[in-house]
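The values are calculated or read from the model by the stated rules, or taken from the named source; none is laboratory data. No experiment lies behind these values; they were computed from the predicted model shown. All Cβ positions, glycine included, derive from the backbone under ideal geometry; neighbour counts span all protein chains shown.
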Amino acid sequence: MGQFEHYAYSSWCISLKYGVDTPDHGEHEKGYQFDIGLFITGGQNKQGINYRSSEYDFATTEKLVKMLQSNPNVTRIIFNDPKITGSKIARDKPGGTTHDNHLHVEWDDGCQ
């Protein structure tokens, strides 16, 4: 990830290559979706925090989102922090909190 090589980050719920029904997850069934945990102050990436947490590192998360949005293969990023903006940003439905604590990233590399 270039500019993020000195950061520890985690991802989870990565789709299987050709997609598969995942009854415990409403997405990640198409083979091109993954989740990335949020950064906290100090350059770590941690599950269990959300964008309202005091240790949430907005600046680093914003840099990552900008980098992802600049990739033409990234088609959508679902994340609820209202300060993170861009043409590829989507939010949960009103009242939803599923994407308060991670970035849900979708891409299309033309191979699907």
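Observations on the structure shown:
Residues checked against (1) among the aliphatic types (A, V, I, L, M); (2) modelled with pLDDT of 90 or more; (3) more than 18 Å from Trp107 (Cα to Cα):
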residue	(1), (2), (3)
Phe4	no, no, yes
Pro23	no, no, yes
Lys30	no, no, no
Gln69	no, yes, no
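- Residue ID - nearest to Tyr56 (Cα to Cα), chosen from residues in region 79-100 that are at pLDDT 95 or above and touching a strand residue (DSSP E or B) at 6+ places or on another chain (Cβ under 6 Å): Phe79
- Restricting region 42-54 to residues that are assigned to a loop (DSSP other than H, G, I, E, B) and surrounded by 13 or more Cβ atoms within 10 Å (Cβ to Cβ), the residue that is modelled with the lowest pLDDT: Gly43
- Just one of (1) farther than 13 Å from Val105 by Cα; (2) in contact with a strand residue (DSSP E or B) (Cβ under 9 Å, 6 or more places away or on another chain) fails for Arg76. It is (1).
- Long-range neighbours under 9 Å by Cβ, at least six apart or interchain, first residue without any contact (Cβ under 8 Å) to a residue 12 or more places away in the chain within region 43-64, second buried (at least 18 other Cβ atoms within 10 Å of the Cβ): Ala59/Phe39
- Neighbours by Cβ (under 8 Å, 6+ apart or cross-chain): first from region 72-84, among the aromatic types (Phe, Trp, Tyr); second not in a strand (DSSP E or B): Phe79/Tyr51; Phe79/Val65; Phe79/Arg91; Phe79/His99
- The residue list Asp57, Asp108 contains one member that is of a type in the set (Asp, Glu), at pLDDT 90 or above and surrounded by 11 or more Cβ atoms within 10 Å (Cβ to Cβ), which is Asp57.
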